[in-house]
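Student: Got a structure for you, written out below as structure tokens; questions coming shortly.
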Amino acid sequence: QVQLVESGGGLVQAGGSLRLSCVPSRNIISTNDVAWHRQAPGKQRELVARITSVDTTYYADSVRGRFTISRDNAKNTVFLQMNSLRPEDTAVYYCRATFGVTNYWGQGTQVTVSS
């Protein structure tokens with residue numbers, strides 16, 4: 001079992017920045033894929049960004065150029081730096097780690113962007 005703990009969400013004005021953190025309960029960051037998803041009210045959960053074990057990154061079109069996913073192996077932490085935030089970025093953001101054949105999810109952190 002792996003527990004994931006997200007932090008860093010909050011309320012920010014449009015154009016502002018936030019940095020989300022995801023810390024797993026086991027030291028898996030350096031060798032496994034980790035992703036951030038988000039779910040807005042009334043919408044399906046969507047993939048926002050992903051980083052693989054070999055540092056390949058993927059971004060949804062809606063966030064490319066504004067969000068950056070990164071990993072600090074020494075701290076066993078994955079970050080999502082979110083700049084130029086927009087009201088449509090408002091959602092609960094979830095961290096997902098793939099360990100073996102299992103996907104583990106965090107509880108989510110709320111991000112609210114006011115206009």
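The values are calculated or read from the model by the stated rules, or taken from the named source; none is laboratory data. Given the structure is predicted, the values throughout are model-derived calculations rather than measurements. Counting neighbours? That spans all protein chains shown, and the Cβs are built from the backbone with ideal geometry, glycine included. Remember, those area values only see protein heavy atoms, side chains included, never the ligands or the DNA or RNA. Shrake-Rupley method; radii C 1.70, N 1.55, O 1.52, S 1.80 Å.
Student: Roughly how many nanometres apart are two label points built 7 Å out from the Cα toward the Cβ at PHE99 and ALA40?
Tutor: For the pair PHE99/ALA40, the computed spacing is 3.2 nm.
Student: Can you give the accessible area of ARG64 in Å² (nearest 10), computed on protein heavy atoms with a 1.4 Å probe?
Tutor: 120 Å²
Student: In whole Hz and in residue order, list the ³J(HN,Hα) couplings for segment 29-43 that follow from phi through the Karplus curve 6.51 cos²θ - 1.76 cosθ + 1.60, θ = phi - 60°; x for Gly and Pro.
Tutor: 4, 6, 10, 9, 6, 9, 9, 10, 10, 9, 9, 8, x, x, 10
Student: Which residues in segment 45-88 have a backbone N closer than 16 Å to a point placed 7 Å from the Cα of ALA14 along the Cα-to-Cβ line?
Tutor: Those under the cut-off are 83-88.
Student: How much accessible area per residue does the chain have, counting only protein heavy atoms and a probe of 1.4 Å, in square angstrom? Let's see the in-between values first.
Tutor: Details: 6010 Å² over 115 residues.
Roughly 52 Å² per residue, with all protein chains present.
Student: Right, another one. Collect residues whose amide H, placed 1.01 Å from N in the peptide plane, falls under 5 Å from the amide H of LEU85; neighbours closer than 5 in sequence don't count.
Tutor: Correct list: GLY15, GLY16.
Student: Next up: Thinking of segment 1-44 as a set of Cα atoms, what percent of all their pairs are more than 13 Å apart?
Tutor: On the way: 649 of 946 pairs.
Roughly 69 percent, once rounded to a whole number.
Student: A further question on this structure: Quick one: pull the percent of accessible area on the chain belonging to carbon and sulfur, 1.4 Å probe, ligands and nucleic acids left out.
Tutor: On the way: 2770 of 6010 Å².
Carbon-and-sulfur percentage of accessible area, whole number: 46.
Student: Related question: Take ASP61, ASP89, ASP72 and sort them by solvent-accessible surface of the protein heavy atoms, 1.4 Å probe, largest at the top. Could you put the intermediate results ahead of the total?
Tutor: Working: ASP61 125, ASP89 0, ASP72 45 Å².
Correct descending sequence by accessible area is ASP61, ASP72, ASP89.
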